[in-house]
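These notes are about the structure you will find just below.
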Amino acid sequence: MNFFRKHVFPPETLPAILETYPPWWISPLRAPDFTGLCDTFVATAECDVLRDEGEAYGKKLLEAGNKVTFRR
């Protein structure tokens, strides 16, 4: 994860990114509202380091009344 974080959000650009974009653009789990979103397909892999976050996002969508299909 550190490898990808350094390449997607290089340390020297991170302050500007955080000032420009709301936190939920970087991490959708931080979104203030999950209602009224389109049907969603969430696919995760057994060894995916973000599996739990992907499934938590899908659960938040479900709790907000959205249609979600899960595949692991």
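See the values below:
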{"read-out": "Number of the condition not met by PHE70 [criteria: (1) among the hydrophobic types (A, V, I, L, M, F, W, C); (2) surrounded by 14 or more Cβ atoms within 10 Å (Cβ to Cβ); (3) not in a strand (DSSP E or B)]", "value": "(3)"}
{"read-out": "Verdict on LEU50 being modelled with pLDDT under 95, surrounded by 12 or more Cβ atoms within 10 Å (Cβ to Cβ) and touching a helix residue (DSSP H, G or I) at 6+ places or on another chain (Cβ under 6 Å)", "value": "no"}
{"read-out": "Pairs with Cβ under 8 Å, 6+ apart, first in the stretch 52-65 and farther than 14 Å from ASP33 by Cα, second of a type in the set (Phe, Trp, Tyr)", "value": "GLU55/PHE70"}
{"read-out": "Matching residues, the stretch 1-26, being within 24 Å of LYS59 (Cα to Cα) and touching a residue at least 12 places away in the same chain (Cβ under 8 Å)", "value": "MET1, ILE26"}
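The values are calculated or read from the model by the stated rules, or taken from the named source; none is laboratory data. None of these values were measured; they are calculated from a predicted model. Cβ sites come from the backbone with ideal geometry, for glycine too, and all protein chains shown count toward neighbours.
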